[in-house]
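Undergrad: Take a look at this one; I'll ask things after.
The values are calculated or read from the model by the stated rules, or taken from the named source; none is laboratory data. Since the structure is predicted, the reported quantities are computational estimates derived from the model, not experimental observations. Counting neighbours? That spans all protein chains shown, and the Cβs are built from the backbone with ideal geometry, glycine included. What goes into the accessible areas is simple: the full protein's heavy atoms, side chains included, and nothing from ligands, DNA or RNA. Shrake-Rupley method; radii C 1.70, N 1.55, O 1.52, S 1.80 Å.
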Amino acid sequence: QVQLVESGGGLVQAGGSLRLSCAASASTFSSYAMGWFRQAPGKDRELVAALSRSGGTTYYADSVKGPFTISKDVAKASVYLQMTSLMTEDTAVYYCNSPISRTIVLGSWGQGTQVTVSS
């Protein structure tokens, strides 16, 4: 299984920035595309950003296009989500995983990291 550990969440004021990190196993990181998902209370989990295995293509949900940037560091086997211009609507638990599609993933879900944006 693809094991993933998220970190970097916290409390931030609206308009602020935050960077999330996801550590993957070195043996699997380079074999899969990586993505960030989030789930807000009462809402379905959604894919917000993804990066292809080669790193050559990206995907962003319309709601985060522009303010959010996904990147990775192959040497550290980590994927990042740089979030800027945060809004209260971005408050959610954020998870990383390897997306086969927008709804199907290869790995088990981790604990995620909580992002709370205050007004």
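Undergrad: When residues of segment 99-119 are filtered for being under 21 Å from GLN3 (Cα atoms), touching a residue at least 12 places away in the same chain (Cβ under 8 Å) and either open to solvent by 70 Å² or more (accessible area, probe 1.4 Å) or out of contact with any strand residue (DSSP E or B) (no Cβ under 6 Å at 6 or more places or on another chain) (or both), how many remain?
TA: 7
Undergrad: Still on this structure, I have one more. Filter segment 54-65 for residues that are out of contact with any strand residue (DSSP E or B) (no Cβ under 8 Å at 6 or more places or on another chain) and modelled with pLDDT under 95 and give the result.
TA: Applying the first criterion (out of contact with any strand residue (DSSP E or B) (no Cβ under 8 Å at 6 or more places or on another chain)) to segment 54-65 yields 54, 56, 62, 65.
Matches in segment 54-65: SER54, GLY56, LYS65.
Undergrad: Sticking with this structure for a sec: Identify all residues within segment 28-41 that are modelled with pLDDT under 95 and surrounded by fewer than 22 Cβ atoms within 10 Å (Cβ to Cβ); write none if there are none.
TA: Once the filter is applied, which keeps residues that are modelled with pLDDT under 95 and surrounded by fewer than 22 Cβ atoms within 10 Å (Cβ to Cβ), segment 28-41 yields THR28, SER30, SER31, TYR32, ALA33, PRO41.
Undergrad: Sort out which residues of segment 1-45 are part of a loop (DSSP other than H, G, I, E, B), of a type in the set (Gly, Ala, Ser) and farther than 26 Å from SER118 by Cβ, and write them in order of number. Lay out the reasoning, then the answer.
TA: So the first thing to find is which residues in segment 1-45 are part of a loop (DSSP other than H, G, I, E, B), and the list is 1-3, 8-9, 14-17, 25-28, 32-33, 40-45.
If we keep only those that are of a type in the set (Gly, Ala, Ser) as well, we get 8-9, 14-17, 25-27, 33, 40, 42.
SER25, ALA26, SER27, ALA33, listed by residue number.
Undergrad: Collect the residues in segment 99-115 that are assigned to a strand (DSSP E or B) and among the aliphatic types (A, V, I, L, M), keeping them in residue-number order.
TA: Residues of segment 99-115 that are assigned to a strand (DSSP E or B), as a first pass: 99, 105, 113-115.
VAL105, VAL115, listed by residue number.
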